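Data first, discussion second: the structure below is written as C-alpha cells.
The values are calculated or read from the model by the stated rules, or taken from the named source; none is laboratory data. Note that this is a predicted model, so its numbers are computed, not measured. Cβ sites come from the backbone with ideal geometry, for glycine too, and all protein chains shown count toward neighbours.
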Amino acid sequence: MNNRIVYADNAATTRITEPVLQAMMPYLTENYGNASSLYSLGVKSALALDKARKQVSSALNAEPFEIIFTGCGSESDNWLKVFAKTLAKRGKTHLITTCVEHHALLHSMARLEKEGFTVTYLPVNKDGFISVEDFKNAITEKTGLVSIMFANNEIGTIQPIPEIGAICREKGIWFHTDAVQAVGHVPVDVKAMNIDMLSLSAHKFHGPKGVGVFYCRKGIPMDNLIDGGGQERGKRAGTENVAGIVGMGAAIEIAVAHMDEHAKKVTALRNRLIDGLLAAVPKSHLNGSRENRLPGNANISFVGVEGESLLLRLDQAGIMASSGSACASASLDPSHVLMALGMRHEEAHGSVRLTLSEENTEEDVDYIIQTLPGIVASLRAMSPLWESMMNKNQD
Amino acid sequence: MIYSAKVMEHFANPRNVGELADANGIGEVGNAKCGDIMKIYLKIENDTIVDVRFKTFGCGAAIATSSMATELIKGKPLSEALKLTNKAVVEALDGLPPVKIHCSVLSEQAIKAAIADYYTRLGIDPTPFVGKLDSEEEHEHGCACDCDE
C-alpha cells in the first residue's frame, strides 16, 4: 500500500508554514492583551496589529489606513453592501460583475438586486475571460460600482484587471476586485491597477483561517459594517483576532518576497501535471486558459466519470483535490463557473481541480499522473454514460 | 459531508459491477444532467432474480446504493425485489447524508425498470406488477439538482 499523501487542494486552503506559526505563537500564549488596552500587554498587541497592517498594505502597494481586517474573504466581499446607501443616494443604481464570481460576491449582488439595484453579469468566453468590450458596453450613467474577480477560484483564469481598473478610474466608477485567489500568488498593485476596493483571505497564502482584509481606497465614503467599539476605525468593531492578523502579515510578507521564485516553480509543476494527465487519459481536456492562469491551478474534465466518485477514489489513494461536480457540492448544482464556459453537464460533472503550491514536489505530481488515469479507467469501466458515449463514437 | 463506513466500503468495493450477457431484464434510469445514471442487468428464472450486475455513473452515494441494492435483490423473488424501497437501501448502508438521499431513489427505479423490461420482453404488460414507471419528468422531480432545461 502506497502511503504517499499529496495535498493538491491549495485553492481550498493552504498549510500554515512554520515561520507563520512562529509569528503567531506569542499572541496565542503570553501576549494575550487586548489591543485596545492601555497597559503594556495591550500595547504589544496594538503594535503587532500595526506591523501586520503595514505588511499587508505594502504587499498591495496600499496605505496602512486603507486596510480593514475582516473575518474571511466572504466577509470582505459582503462589505460591498455597506456602499449601497451612498450609491443609491447618488443615483448610481447600476452595478457590473461577472457570472463566474465566488458565491460570496454573487449572493451579495443578489441581495443588492432585491434592494433595487440593477446588476449586469458579464459572460465569459470558453477560456473564462470577460471581454473588455462587453464591459465597456455594459457601463451606463448609473453605473456606480464594478466588481470583477482578479483570478478565478475554479479555473484560475486571471482577468484583465489593469484595463478594467483604468476604465473605471477614468469614468469615476468604483472598482472592487475579489483577489482572494490572487494575492500572494501573482502581483497585485492597487495603485498601478487602479483598484478601489479589494478582498483577500489569509489562508489562501499559508496564513491562518478566519482572517481576511477589505481594502478600501482613501476618499471613498464608507459606512460601518459592525457598530461597536473603535476597532478598524470604527468601521468594523470587535476585538481583533490578533494572532490571526499577525499570521496573515507574516504570510503575505513571505509570499510576496518569494513570489517570482514560487510562481516559477509552481507553474512548472502545474504544466507537468496538466501535460501528464492530458497525455495519459483519453477524452480529457483542460478547463480555462493556459495563458493568464494562476500558477498552481489545473482544472481538467474527464468525461464519462462523475467528479465526486473520482475525488473519493483519489482520497483513497492519498490525493486530495476538489471538483466542480454537482454531487461534490452541498448545493447539487454543477459549478456555475464551468457552466459559464459553455460546458455540457457531463463535462462539468467530470471535472477535477488540482491546485498546487510551492510545497508540492515533482514526485507529488508524478504520483498523481501515475494514479489518476487508472482511477478514471476503472470508473469509466462501470459508467453507463461512458459506454453510451463510446457506442455513439463507433456509429 | 461524511459518508458512513459502510457506504465507503461499498463505494471502494462495489458488488456485482459489470454487465450480464444473458440478462433478460435491463433497466436504465437517470441522466447526465443530474449527474447520475444507473443501468441494471437482471437474469430472472422462475420469477426469481438469479443474477444481477450494474453500471453506475454517479457520486459515491450513487455507486454505494447501486451496490447495496443489487446485494439486497440477488436471489430474491421478483415480488420481493419490487418491494425494495430506497429507504431500505439507505438503512442497509447505515444512512446517507441528507443531500444524498435522492441518489438512493435511482437504484429502486432502476430495478423496477429492469423488471418491467423483463415482463415486456415476455409480452406481458408490466404495469400490474411494477406499477406506472416514473417518467423522465417524475425522475427529475426526484432529482434534487437543477435539471429543468
Would you confirm whether any residue within the stretch A:201-222 is in contact with a Lys or Arg (Cβ under 7 Å, 6 or more places away or on another chain), surrounded by fewer than 24 Cβ atoms within 10 Å (Cβ to Cβ) and among the β-branched types (Val, Ile, Thr)? no
Identify, by number, the condition in (1) surrounded by 20 or more Cβ atoms within 10 Å (Cβ to Cβ); (2) assigned to a strand (DSSP E or B) that A:HIS285 doesn't meet. (1)
Within the stretch A:230-274, can you find the residues that are on the phi > 0 side of the Ramachandran plot, small (Gly, Ala, Ser) and in contact with a helix residue (DSSP H, G or I) (Cβ under 8 Å, 6 or more places away or on another chain)? A:GLY238
What number of residues within the stretch A:217-233 are of a type in the set (Lys, Arg) and either farther than 23 Å from A:LEU60 by Cα or part of a helix (DSSP H, G or I) (or both)? 1
Residues of the stretch B:6-55 being within 25 Å of B:GLY123 (Cβ to Cβ) and acidic (Asp, Glu), which ones? B:GLU19, B:ASP22, B:GLU28, B:GLU45, B:ASP47, B:ASP51
Entirely in the stretch B:1-118, the strands (runs of 3 or more DSSP E) that have 1 or more residues that are within 12 Å of chain A (Cβ to nearest Cβ) and among the basic types (Lys, Arg): B:36-45, B:48-57
Only one of these is buried (at least 17 other Cβ atoms within 10 Å of the Cβ) and either within 24 Å of A:LEU356 (Cα to Cα) or at pLDDT below 95 (or both): A:MET109, A:MET149. Name it. A:MET149
May I ask you to list the residues in the stretch A:149-201 that are without any contact (Cβ under 8 Å) to a residue 60 or more places away in the chain and part of a strand (DSSP E or B)? A:PHE175, A:THR177
If you go through A:VAL352, A:VAL365, A:VAL376, the only one that is within 26 Å of the chain's Cα centre (by Cα), among the β-branched types (Val, Ile, Thr), within 24 Å of A:MET320 (Cβ to Cβ) and within 14 Å of chain B (Cβ to nearest Cβ) is A:VAL352
Selected residue (criterion: farthest from B:ILE49 (Cα to Cα)) from residues of the stretch B:80-125 that are under 12 Å from the mean Cα position of the chain (by Cα) and among the hydroxyl-bearing types (Ser, Thr, Tyr): B:SER104
Kindly indicate the residue of the stretch A:348-395 that is surrounded by 19 or more Cβ atoms within 10 Å (Cβ to Cβ) and of a type in the set (Gly, Ala, Ser) and also farthest from B:CYS59 (Cα to Cα) among those meeting that condition. A:SER357
Please determine whether any residue of the stretch A:83-99 is surrounded by 18 or more Cβ atoms within 10 Å (Cβ to Cβ) and basic (Lys, Arg). yes
Against the conditions (1) assigned to a loop (DSSP other than H, G, I, E, B); (2) within 10 Å of another protein chain (Cβ to nearest Cβ); (3) without any contact (Cβ under 8 Å) to a residue 40 or more places away in the chain; (4) not β-branched (Val, Ile, Thr), where does A:GLU291 fall short? Just the number, please. (2)
